[in-house]
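A short write-up of the structure that comes next.
The values are calculated or read from the model by the stated rules, or taken from the named source; none is laboratory data. Owing to the predicted nature of the structure, the values given are computational and were not obtained by experimental measurement. Cβ placement follows ideal geometry from the backbone for every residue including glycine, while neighbour counts extend to all protein chains displayed. These area figures cover heavy atoms from the full protein model, side chains too; ligands, DNA and RNA do not enter into them. Shrake-Rupley method; radii C 1.70, N 1.55, O 1.52, S 1.80 Å.
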Amino acid sequence: MKKPLLLVIALAALASCRESNMATQSSPTTGAAARIMRYDTTFIKIAQRTRAFRYVADLRVGNKSQVTIPVEIDWTSTVGGGCPQVASIQVYQLNGGDRRTGLRASVVRDATCRPGLQPDGTMGTATGAAMLSITGESKETKFFTTTKCLLTGLGYHDSLSYDNVSARR
């Protein structure tokens, strides 16, 4: 009779430790911002002579009360099919330790060589492109925001913020 009673007490003690540990983890971490990968894909084999591009911005979530989620988008391009193509894309959430916000991403790639935008926003030579869809959600505002961002093999990207008219960074 003592053995089952001790087992029940031990399980209750472990459950209380687990619950208290979860309660302390639900608050955001302090200190250095965590850089957590939220999306990673490679479309074509990474060949020689690749070019790497990087875009860092804030994704705004909410209406009147807004929360910003810092986002980093890294992509590479290589020559394929006669023009620069988007070869791989990685999306990072820079405040990944904050459990009050979340980030999801998906992408559709167009490998057709068409006249494309250059980093300064002007039309340039033929290039392939990828359309990146990013969804940010916040427990604080109980809203989510979905936006699309065009990336080209020449280094052009759309802005994630509606306030920033220029897509250059």
Query raised in the report: For segment 115-135, what are the residues that are assigned to a strand (DSSP E or B) and modelled with pLDDT under 90?
Result: Gly116, Leu117, Met123, Gly124, Thr125
Query raised in the report: With respect to Ser166, is the statement that it is at pLDDT below 85, open to solvent by 40 Å² or more (accessible area, probe 1.4 Å), of a type in the set (Ser, Thr, Tyr) and part of a loop (DSSP other than H, G, I, E, B) true?
Result: yes
Query - Complete set of residues in segment 88-117 that are touching a Phe, Trp or Tyr at 6+ places or on another chain (Cβ under 6 Å) and of a type in the set (Gly, Ala, Ser) - result: Ala105
Requested in this report: For residues that are open to solvent by 20 Å² or more (accessible area, probe 1.4 Å), polar (S, T, N, Q) and touching a Lys or Arg at 6+ places or on another chain (Cβ under 6 Å), scanning just segment 66-78, find the one that is modelled with the lowest pLDDT.
Outcome: Gln66
Query raised in the report: Under the condition of being open to solvent by 10 Å² or more (accessible area, probe 1.4 Å) and among the β-branched types (Val, Ile, Thr), which residue from segment 79-102 is nearest to the chain's Cα centre (by Cα)?
Result: Thr101
Requested in this report: Evaluate segment 45-63: report whether one residue or more is modelled with pLDDT under 90, more than 17 Å from Asp158 (Cα to Cα) and surrounded by 18 or more Cβ atoms within 10 Å (Cβ to Cβ).
Outcome: yes
**Report entry** Filtered residues of segment 148-160 (kept if at pLDDT 90 or above and farther than 17 Å from Gln85 by Cα)
**Finding:** Lys148
